[in-house]
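Only one structure is covered here, and it is reproduced in the block below.
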Amino acid sequence: MGDSFDDRSKGWTASEEEVIRDETAEVIASEHHKLGLPAAISLIVGNIVGTGVFLLPASLAAYGTVGILAMALVSIGAIALAVVFGRLGRRVPAGGGPYAYAKDAFGEFPGFWNAWSFWLTAWIGNAAIAVVWVNYVNYFLHWDSAGAQMALALVALWIPALVNLSGVRNIGAFAIVTTVLKFIPLIFVGVVGLFFVRGGDFGPFNATGGNWIGALSTAGALTLFIYSGVESVTIAAERIKDPARNIGRASVYGVLICAAMYMLSTVAVFGTVPHRALTASSAPFADSINNMFGGSVGGGIMAACAIVSGIGAINGWTMLVAEMPMAAARDGLFPGVFARESRRGVPWVGIVSGTALTSLVTLYNYFGTTNGFNKILLIATFTTVIPYFFSACAQLFWLVTGARAVSGARLGRDLAVTSVAILFAFWMTYGAGMEAIFIGFLMLLVGIPIYIWTKAKRGEYGPGHEALTPPSGRAP
């Protein structure tokens, strides 16, 4: 009787209360299966820190210690971009990342083009990560044939695909584990290595013999590649708990962690490996550990770290290669098949098709061309720049059109940060080079017929299509 009286006093029937209870349980269960702040930060760090960082100090050493300055400047640009994504993520927390921001600010077609560009980035970039991953696995296996290396690359691609297909909770757990395993050794080199630094090992400020500004720009172009992935949680926003709050926090915290780790470890490697030896090194972190403690165990340790780092990065990017087209498909701008979810709540079509396309690009690297890795990496860098640029411009558009009332001081701060992010995107474009820009732009153009076909499937034929509708109401 007491229960019935309580129900009536609230104005609910027993059946209505049961429905409300079920809906509340569903919401709680849904939140339980989302990624919390630690997992979101791990997704950011895991996607940014791939395999390139393990070779970067040797590449920068060829330009001198000006490379450290270049990394500092690029890190500032990446932090500015993370702040912009955090602001945009609070304003548009539903998911889709750069696609959603461009669509919200500039309309449907710019939104589609950003989704298309990022989709290209995700599956092309995974091929580059897989190629470097194979090189580190071969530190132990020494498989020389292209066929054997291709088989290893396919293992690197399809194991993360299976993890993604198994559900969101496993994706988050995998991201946390792989991030911790690769973060600890890198920060160990960065912190402990500072106690072994020798001033004479750093070499000249400008080792190119030319203008130091030119050396700074070229070194910066190399460094730009290592920050791809700063937008990760904005794309998977609907998989994040409390996205309006956690997107910004995860973006900024994740990039700050990566920037600190990059700077410390690069300085430590520069100061523990003589400059001439560092420029010729194929495993600079291993050489650094060997110089600190003697012996050759460092090579195996760092190769293992690179293997863990690479597989973790592929795991995170495999998630994004499906999340972006799913968001666009739900809005009718990508083929509807990309919006399908499995019983575990994951967009399985995007995962499988993206991994299959990455496998083809990897095949191209091993059997299609010489120096394919560099071409793949540069094209992926260019297609990354497009969503970054549009996102920063979306924030600028929102600020200058007076879409919200803010104080003058805050407006000035937001405009300054947004301007840095826009300049950062321009610099990334320059670093990609002419060939990558040309090929990447052609790939962007391929998306336009896909957009037209998708619009036609929805029965939309342009602004004047109403005039083409016959009196019966049926489309011609």
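Tell me, yes or no, whether region 413-434 has at least one residue that is farther than 21 Å from residue 59 by Cβ and either modelled with pLDDT under 85 or charged (D, E, K, R) (or both). Yes, region 413-434 contains at least one residue that is farther than 21 Å from residue 59 by Cβ and either modelled with pLDDT under 85 or charged (D, E, K, R) (or both). Scanning region 336-347 for residues that are part of a helix (DSSP H, G or I) and either surrounded by fewer than 18 Cβ atoms within 10 Å (Cβ to Cβ) or polar (S, T, N, Q) (or both) yields 336, 337.
Residue-wise test of (1) more than 23 Å from residue 163 (Cα to Cα); (2) polar (S, T, N, Q).
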site: 320; (1), (2): no, no
site: 330; (1), (2): yes, no
site: 338; (1), (2): no, no
site: 341; (1), (2): no, no
site: 353; (1), (2): no, yes
site: 364; (1), (2): yes, no
site: 375; (1), (2): yes, no
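If you go through region 114-153 and keep only what is free of Cβ contacts under 8 Å to residues at least 60 places away in the same chain and surrounded by 24 or more Cβ atoms within 10 Å (Cβ to Cβ), you end up with just 134. Scanning region 323-334 for residues that are modelled with pLDDT of 85 or more and in contact with a Pro (Cβ under 8 Å, 6 or more places away or on another chain) yields 325, 326, 329, 334. Please go through (1) at pLDDT below 85; (2) within 19 Å of residue 224 (Cβ to Cβ); (3) β-branched (Val, Ile, Thr) for residue 266 and return the number of the only condition it doesn't satisfy. Among (1) at pLDDT below 85; (2) within 19 Å of residue 224 (Cβ to Cβ); (3) β-branched (Val, Ile, Thr), residue 266 violates only (1). Please tell me if residue 354 is modelled with pLDDT under 90, within 24 Å of residue 96 (Cα to Cα) and either more than 19 Å from the chain's Cα centre (by Cα) or crowded, with 16+ Cβ neighbours inside 10 Å (or both). So residue 354 does not fit the description; no. Would you confirm whether or not region 208-231 contains a residue that is touching a residue at least 12 places away in the same chain (Cβ under 8 Å), over 20 Å from residue 311 (Cβ atoms), part of a loop (DSSP other than H, G, I, E, B) and within 17 Å of the chain's Cα centre (by Cα)? Yes: one or more hits.
In the condition set (1) more than 21 Å from residue 264 (Cα to Cα); (2) in a loop (DSSP other than H, G, I, E, B), residue 238 is compliant with all but (2). Taking the criterion of being in contact (Cβ under 8 Å) with a residue 60 or more places away in the chain and among the aliphatic types (A, V, I, L, M), the residues of region 309-334 that qualify are 311, 313, 314, 319, 320, 321, 322, 324, 327, 328, 333.
When you look at residue 310, is it touching a Phe, Trp or Tyr at 6+ places or on another chain (Cβ under 7 Å) and within 24 Å of residue 61 (Cβ to Cβ), yes or no? Lay out the reasoning, then the answer.
Numbers: touching a Phe, Trp or Tyr at 6+ places or on another chain (Cβ under 7 Å): yes; within 24 Å of residue 61 (Cβ to Cβ): yes.
Here the answer is yes, as residue 310 does meet what is asked.
For region 98-140, a residue qualifies if it is of a type in the set (Lys, Arg) and within 23 Å of residue 379 (Cβ to Cβ), but none of them does. Checking 25, 72 one by one, the residue that is at pLDDT 75 or above and either assigned to a helix (DSSP H, G or I) or surrounded by 15 or more Cβ atoms within 10 Å (Cβ to Cβ) (or both) is 72 and no other. Of the candidates 39, 78, the single residue that is under 30 Å from residue 267 (Cα atoms), modelled with pLDDT of 85 or more, under 26 Å from the mean Cα position of the chain (by Cα) and surrounded by 16 or more Cβ atoms within 10 Å (Cβ to Cβ) is 78.
The requirement of being among the β-branched types (Val, Ile, Thr) and free of Cβ contacts under 8 Å to residues at least 24 places away in the same chain is satisfied by residue 337. Candidates 195, 270, 285: the one that is in a helix (DSSP H, G or I), free of Cβ contacts under 8 Å to residues at least 12 places away in the same chain and aromatic (Phe, Trp, Tyr) is 195.
Among the candidates 111, 172, the residue that is surrounded by 22 or more Cβ atoms within 10 Å (Cβ to Cβ) and at pLDDT below 85 is uniquely 172. Determine if region 42-52 includes at least one residue that is part of a helix (DSSP H, G or I), surrounded by fewer than 24 Cβ atoms within 10 Å (Cβ to Cβ) and either among the β-branched types (Val, Ile, Thr) or modelled with pLDDT under 90 (or both). Looking for residues that are part of a helix (DSSP H, G or I), surrounded by fewer than 24 Cβ atoms within 10 Å (Cβ to Cβ) and either among the β-branched types (Val, Ile, Thr) or modelled with pLDDT under 90 (or both), one finds at least one in region 42-52, hence yes. Applying the criterion of being surrounded by 10 or more Cβ atoms within 10 Å (Cβ to Cβ) and within 14 Å of residue 105 (Cα to Cα) to the residues of region 398-412, the residue that is modelled with the lowest pLDDT is 403. Taken together, the criteria place residue 166 among residues that are among the hydroxyl-bearing types (Ser, Thr, Tyr), more than 14 Å from residue 65 (Cα to Cα), surrounded by fewer than 24 Cβ atoms within 10 Å (Cβ to Cβ) and touching a residue at least 40 places away in the same chain (Cβ under 8 Å). Consider residue 158 carefully, then state whether it is of a type outside the set (Asp, Glu), within 29 Å of residue 334 (Cβ to Cβ) and either free of Cβ contacts under 8 Å to residues at least 12 places away in the same chain or surrounded by fewer than 19 Cβ atoms within 10 Å (Cβ to Cβ) (or both). In short, yes.
The values are calculated or read from the model by the stated rules, or taken from the named source; none is laboratory data. In this text, all values refer to a predicted model and were calculated from it rather than measured experimentally. Heads up, the Cβs are rebuilt from the backbone with ideal geometry, glycines too, and the neighbour counts pull from every protein chain shown.
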